[in-house]
Amino acid sequence: TNTCRIKDVQARMIEATCPDHLCIHQPEIDERGGFIICLPNQVIIEGIPSQESQTDDDTVDAVVN
């Protein structure tokens, strides 16, 4: 079981019955988009970017190895 709080245009996982609770420690998602994932409980929450937060700029924000 997972409990997600959606408040003030932000979503956050606040409770979970999974053994590691990694989903609770993931950052909030908002109108810019993002994911909250709980693999043991098979829960995926996706924030879809709003039109205002999307840009036509194709520059790279970050590269992670």
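Computed from the coordinates by the stated procedures, all read-outs in this text should not be read as laboratory data. The shown structure was predicted, so the numbers you read here are calculated from the model rather than taken from an experiment. Note: ideal-geometry Cβ built from the backbone for every residue, glycine included; neighbour counts use all protein chains shown.
Around HIS25, what is the net charge, scoring Lys/Arg as +1 and Asp/Glu as -1 over all other residues with Cβ under 15 Å from its Cβ? Mind showing how you got there, number by number?
Values: positive: ARG5, ARG12; negative: GLU15, ASP20, GLU28.
Net local charge, HIS25 excluded: -1.
Could I have the simple spin-label model distance between GLN26 and GLN10, label points 7 Å from Cα toward Cβ, reported in nm to one decimal?
Label at GLN26, label at GLN10, 1.7 nm between them.
For region 1-45, I need the span (max minus min coordinate) of the C-alpha atoms along each principal axis, in Å, sorted largest to smallest.
Largest first, region 1-45 extends 29, 15, 14 Å along its Cα principal axes.
Please list, in chain and number order, the residues 5+ apart from VAL43 or on another chain whose amide H is under 5 Å from its amide H, with Hs placed from the backbone.
Under 5 Å from the amide H of VAL43: CYS38.
How much length would be gained if the chain were fully extended between THR17 and PHE35, taking 0.36 nm per residue of separation minus their Cα-Cα distance, in nm to one decimal? Can you show the working numbers first?
Values: separation 18, 0.36 × 18 = 6.48 nm, distance 1.86 nm.
Full extension from THR17 to PHE35 adds 4.6 nm.
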